[in-house]
Amino acid sequence: MPQNTSTFMSGPSPMSRRLFLTTTGALSLGAALTACGGNDSGGSAGSGKPVGQADIDKAMKTPTELTFWTWVPNMDKEVALFEKRYPAIKVKVVNAGQGTPQYTKLRTALKAGSGAPDMVQIEYQAIPTFTITDSLLDLRPYGAAALKSTFVDWTWSQVSGNDGEIWAIPQDTGPMGMLYRQDIFDQHGIEVPGTWDEFAAAARKLHKADPDVYLTNLAANQVAAWHGLLWQAGAKPYVTSGKGDITISVDDSVSQKLGAYWGGLAKEGVIGVEPDFTDSWYAALNKGKYATWITAAWGPVFLSGSAKATAGKWRAAPLPQWDAAKPSSGNWGGSTTAVIRSTKNPVAAAVFAQFLNTDPASARMFATEQFFFPATKSLLTDAEFVSDAPSFYGGQKVNQVFADIGSTVNSSFQWPPFLDQAATDWTETVGKSLADRTDTVRALGTWQSRLTSYAKNQGFTVKGS
């Protein structure tokens with residue numbers, strides 16, 4: 001199952017695929033941790049002072065127990081690699097819930113001043129909800145800046161603050177693409193749409209030819225997909241500056257273009273709008289009710305386990321484009337490893353966060369054991385990884401398709417510090433308009449108004465589109 005978090009749906013499910021990670025050109029963790037100048041004067045959590053190699057060596061040889069909250073299955077395997085490298089450090093892995101339940105428990109512990117972990121799994125979109133409360137440790141003093149080139153560019157932007165802070169280390173990603181039924185396309189003479197105009201024309205053509213089949217389903221409960229589509233379209237729904245100022249633009253011209261497009265197709269009745277990841281949705285995929293799935297890089301592995309009756313019939317392609325001359329995509333899913341600012345062991349915790357996601361064996365394990373789509377450039381250019389050609393997709397090199405898509409994800413997209421409220425308001429306005437096949441553009445205005453009022457009531461200075 002994908003990981004359902006913060007009313008955002010993301011992540012892959014276990015499914016076999018081969019992967020080999022080469023280490024050529026990889027930056028050593030030791031180099032990263034000392035890249036901040038080799039100052040051995042020490043440093044403490046939140047001090048901002050660079051940590052020197054002597055302090056690092058001392059910390060990693062001092063018997064210490066760290067607590068790591070994560071919902072990733074079988075994380076003990078990656079942790080074992082870390083403990084083998086640093087035998088004095090023991091890591092207790094705790095599953096405190098998946099997404100929202102974990103975040104709720106974390107906020108409770110932080111407010112109480114006790115019970116918080118040292119490190120925590122946190123999704124990209126949730127980072128601002130914890131930086132706004134000064135809950136995460138800036139990892140710059142621990143050498144994290146030296147790891148920037150290790151990761152896909154846009155992921156580094158997602159974990160970085162407006163003033164250059166590094167709040168987390170990327171773990172996995174979900175660049176968005178399109179999975180489609182080659183057999184249905186062939187049957188109805190449909191070419192793979194390269195633009196959204198072509199996609200709309202194909203939706204009308206297909207449903208007219210077979211009223212039981214839709215080109216796609218835009219789930220009325222899937223706020224994450226909507227944000228990914230906003231991302232692809234070049235929207236900037238949330239722009240923060242400092243801790244108290246935010247511009248909310250969920251009803252600007254780009255958003256309205258998206259609303260008119262998808263709301264229009266929904267009102268025409270040529271796309272489905274049923275909730276996804278339900279029994280009826282799974283059945284629909286297996287029966288051929290939908291000819292495409294607008295999804296993310298974790299989608300191919302997930303689909304091959306959820307729609308086995310359709311094996312060999314699917315292919316992958318980039319999202320249709322608003323401007324074919326400027327290919328772009330958004331992201332849907334992925335997590336990071338962050339360090340809680342209140343940790344009493346900042347050096348060991350920071351080393352863990354970096355090791356977990358940059359050590360070649362650990363990164364490889366995420367791809368082969370948990371089947372996460374990589375965030376590191378080395379994995380995304382690995383010959384074995386990109387040449388994998390699963391029979392479920394007719395022998396197509398699906399990993400290569402999504403690796404290429406990942407390079408088109410815009411690096412400027414931001415998330416609000418009140419994500420849960422944004423998601424709830426979207427579901428009750430825009431999502432409802434899709435489900436009811438009513439006026440989505442009008443619903444965007446309601447979403448903008450509700451979110452603006454909420455932000456102001458929380459003490460933010462709000463600018464609108």
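Values as computed for the structure displayed
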read-out: Formal net charge of residues neighbouring residue 289 (Cβ-Cβ distance under 15 Å; K, R +1; D, E -1); value: -3
read-out: The chain - percent relative contact order, Cα under 8 Å, separation 6 or more; value: 28
read-out: Pairwise label distance in nanometres, residue 239 with residue 412, each label 7 Å out on the Cα-Cβ vector; value: 0.7
read-out: Highest to lowest packing among 332-341, 133-142, scored as the average C-beta count within 10 Å; value: 332-341, 133-142
read-out: Pair-distance profile P(r), taking every C-alpha pair of segment 239-328, with 10 angstrom steps and integer %; value: 12, 32, 32, 18, 6, 0
read-out: Cα-Cα over 21 Å, subset of 289/397; 208/287; 308/397; value: 289/397
read-out: 31 Å Cα-Cα threshold exceeded, pairs from 49/463; 326/463; 61/243; value: 49/463; 61/243
read-out: Residues with amide H under 5 Å from that of residue 238, placed H, sequence gap 5 or more; value: 249, 414
read-out: Additional length obtainable on full extension of the chain from residue 436 to residue 279, 0.36 nm per residue less Cα span; value: 54.5 nm
read-out: Cα extents of segment 152-229 along the three principal axes, largest first (Å); value: 54, 24, 21
read-out: Net charge of Cβ neighbours under 11 Å - reference residue 224; Lys, Arg +1; Asp, Glu -1; value: -2
read-out: Contour minus Cα-Cα distance for residue 449 and residue 80 (0.36 nm per residue); value: 127.9 nm
read-out: Length gained when the stretch residue 325-residue 90 is fully extended (0.36 nm per residue, less Cα-Cα span); value: 79.5 nm
read-out: Considering only the chain, percent of DSSP beta bridges that pair antiparallel, nearest 5; value: 65
read-out: Highest-first arrangement of 253-259, 452-458, where packing means the average Cβ count within 10 Å; value: 253-259, 452-458
read-out: Calculated FRET value between residue 163 and residue 114, using beta carbons and R₀ = 25 Å, to 0.05; value: 0.30
read-out: Helical contribution to [θ] at 222 nm, DSSP H n ≥ 4, -39,500 (n - 2.57), averaged over the chain, rounded to 500; value: -11500 deg cm²/dmol
read-out: Convex hull volume per residue for segment 378-465, taking Cα atoms only, in Å³; value: 168
read-out: Label-point separation in nm, residue 212 to residue 145, each point 7 Å along Cα→Cβ; value: 6.2
read-out: Sequence ranges 305-312, 423-430, ranked by mean other-Cβ count within 10 angstrom, highest first; value: 423-430, 305-312
read-out: Diffusion coefficient, µm² s⁻¹, Stokes-Einstein with Kirkwood Rh over alpha-carbon pairs of segment 293-414 at 4 °C and 1.567 mPa s; value: 79
read-out: Label-point gap, in nm, between residue 104 and residue 289 - each point 7 angstrom along Cα→Cβ; value: 3.0
read-out: Proximal charge balance of residue 461 [Cβ under 15 Å; K/R count +1, D/E count -1]; value: +2
read-out: Volume per residue that the Cα convex hull of segment 108-189 spans, once the total is divided by residue count, Å³; value: 163
read-out: Cα centroid separation - segment 346-365 against segment 164-178, whole Å; value: 15
read-out: Cα-based Rg of segment 295-338 normalised by 2.2 N^0.38 Å, two decimals; value: 1.51
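Just so you know, all these numbers are worked out from the coordinates, no wet-lab data involved. Because the structure is a prediction, the values reported are computed rather than measured. Neighbour counts are summed over all protein chains in view; Cβ atoms, including those assigned to glycine, are modelled from backbone coordinates with ideal geometry.
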